[in-house]
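Student: Please read through the structure below; I'll follow up with questions.
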Amino acid sequence: MPAIQPVCEACGKALDATSGVCAECAGQSPQTANETFAFDTAGAGEPPTPESPEKVEATPTASADPEPQKGGATPTLDQPLNQTESAPSSPPRAEPKQDAAGEKLNPAPTTPGLFFVAPQEEERRYAGLTSPQIKAVIFSLGIAAFIGTIAFSLWRNHQREAARLAAIKQAALIQPTPPPTPPPPPLATPTPLPDDQTLTTNVRLALASYDVLAMATRYKFEVKDGAVTLFGDAESQAEKDGVENVVKGVSGVQSVANQMIIKSSAAIGKAIKLNEAEAKRLEEALRKELAERDQREEEARKLKAQQEAQQEAERLRREEAAAKLRDEQAAALRKQDEERLKKEAEEAERRQEAERRAEAERRTRAEQARAEASALRSGTVAWSGTVKGVEEIVIAGSSASVRHVSGDSVKEPKASFSAPVPRAPVSVKLLSSNGRAPIKIIQEPSAANGYTTIVRIGEGDKADGKRHEFTLKWSTQ
């Protein structure tokens, strides 16, 4: 069954079997945009076998006859074209060549009723960076690294300066700051010797001030390591000596060698003739040079004075900061002392208040005891214990202690009071006693013995280790 030939919808002409594009209007049939057409295996020829083993994506197109021909099979999307049952192997087809414009120079022969659609390109292509772009990126990274290094260095310097200031402040807080000592008087700094060039200028200015015309015409000199050698002509010995004295007066001159020659005025006048305009220009230049030197010296003095003023201001600022720090430390110490004294005063006041309360409570208890003692006119004291020897029971107030005399010590002593024995004149007597050893009162309370009562149990060896007990009654007189 012959395959359907695609046509262009715009102009009605047949489309290219290979590309599916119209050669006249470059249009494309919608049937060929996403579909491929079947070929007749029993027709004019057999499909060529592709060079690569890749699969050719193809879908059958609709035809007039829905039934496929017998003996032939339509290739599917997932089935390679060269592996179908109805497509026998055939020699590979040569790829058509293209010129610079992209048009085919040698189109491949087509088989009637058979065409192929090139597989779509699956790999995505990305635009790469050009060489200028790569250089720009590298340059930007270098600039960023340089700026980061500078920022890191500044941050490190700031951290170190902050740590140094903190350490200085901590040391100033820990150690007492000594009183400021007056600055020592400035030492006289020796004036540096000028170099040969400066010395040459100073000598030239000195000679010009001595005689500008002679300096321009007759005076010559040479300076080397502070030593000045004079040359030229002098009209007289006095002039020669005067020039030497002027040069010796220049600051920085170490020695002067005067090699000037004395000549007569007539000879000098005949030998040298000077233009007055040229002399004036020279004098003006010397004056200008002298003025510039004075200006430079004035600027140097101003700069030095400014630096000294800045140093003095910095010294005063540091002294003010140190004085302020000392004042703050003294204020902090005074505040601490005041707080400590305040706490000590509050603590002393609390102690005195506690002592006053304790004294008041003691007096209250004493008053209550005296009131109770005055209210009670009599009372009893009961005592019991195992005695095997001689014991004395000492009774005072609300206590009963045992004083061992002889034999074995008392065991399990017990005493009970109906009321404390008052420290006042009272009379005591035994109400009852029980035991084999005799029990008797050997001392009655009085002011002389501190109102203490003594009861003796036993006499000799009559106590046999039995239980002894007695009841003592006291009454106020």
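Student: Counting only residues 5 or more places away or on other chains, whose amide H sits under 5 Å from the amide H of ALA234 once H atoms are built in the peptide plane?
Tutor: Counting only residues 5 or more places away or on other chains, the set is ILE261, ILE262, LYS263.
Student: May I ask you to order 253-259, 381-387 by the average number of other C-beta atoms within 10 Å around their residues, highest value first?
Tutor: 381-387, 253-259
Student: Which ³J(HN,Hα) values, rounded to whole Hz and listed in residue order, are derived for region 340-350 from phi using the Karplus coefficients 6.51, -1.76 and 1.60 in 6.51 cos²θ - 1.76 cosθ + 1.60 with θ = phi - 60°, glycine and proline given as x?
Tutor: Each residue's phi maps through the Karplus curve to give 5, 4, 5, 5, 5, 5, 5, 5, 5, 5, 5 Hz.
Student: Using θ = phi - 60° and the Karplus relation 6.51 cos²θ - 1.76 cosθ + 1.60, list the HN-Hα couplings for region 130-145 in order, rounded to whole Hz, with x at every Gly or Pro.
Tutor: Taking θ as phi minus 60°, the curve returns 7, 4, x, 5, 4, 5, 5, 5, 5, 5, 5, 5, x, 4, 4, 5 Hz for region 130-145.
Student: Is there a pair in LYS248/LYS288; LYS224/LYS302; LYS280/LYS302; LYS411/LYS473; LYS240/LYS280 whose C-alpha atoms are over 29 Å apart, and which pairs would that be?
Tutor: Pairs exceeding the cut-off: LYS224/LYS302; LYS280/LYS302.
Student: Another question, if that's okay. Quick one: if you stick a label point 7 Å off each Cα along the C-beta vector at SER209 and VAL137, how many nm between them?
Tutor: Using points 7 Å along Cα→Cβ, the separation is 7.4 nm.
Student: Check which residues have an amide H placed less than 5 Å from GLY397's amide H, if you skip close sequence neighbours.
Tutor: Under 5 Å from the amide H of GLY397 lie the amide H atoms of VAL421, each far enough along the sequence or on another chain.
Student: What ranking do 155-163, 451-459 get when scored by the average of other Cβ atoms within 10 Å per residue, highest first?
Tutor: 451-459, 155-163
Student: If you don't mind, another one. Can you tell me the length gained on complete extension of the stretch GLN197 to GLU349, counting 0.36 nm per residue apart and subtracting the Cα distance?
Tutor: 45.9 nm
Student: Continuing with this model, one more query. For the pair SER418 and ALA285, how long in nm is the line joining their label points, each one 7 Å along Cα→Cβ?
Tutor: In this crude spin-label approximation the distance works out to 14.5 nm.
Student: Sticking with this structure for a sec: Using the Karplus equation 6.51 cos²θ - 1.76 cosθ + 1.60 (θ = phi - 60°), what ³J(HN,Hα) coupling, rounded to whole Hz, does each residue of region 438-448 give in order, writing x for Gly and Pro?
Tutor: x, 10, 8, 8, 9, 8, 9, x, 7, 5, 5
Student: Any chance you could run the full-extension gain for ARG363 through ALA227? It's 0.36 nm times the residue separation minus the Cα-Cα distance, nm to one decimal.
Tutor: So the extension gain works out to 37.8 nm.
Student: Would you mind calculating the gained length between SER406 and LYS304 on full extension (0.36 nm times residue separation, minus the Cα-Cα distance), in nm to one decimal?
Tutor: Fully extending the segment from SER406 to LYS304 adds 25.6 nm.
Student: Hey, another quick one. Obtain the nm distance between the two label points defined at LYS473 and ALA151 by a simple spin-label model: each point lies 7 Å from its Cα along the Cα-to-C-beta direction.
Tutor: 10.9 nm
Throughout, read-outs are computed from the coordinates displayed, never taken from laboratory work. Since this is a predicted model, take the numbers as computed values, not measurements. Neighbour counts run over all protein chains shown; Cβ positions are idealised from the backbone, glycine included.
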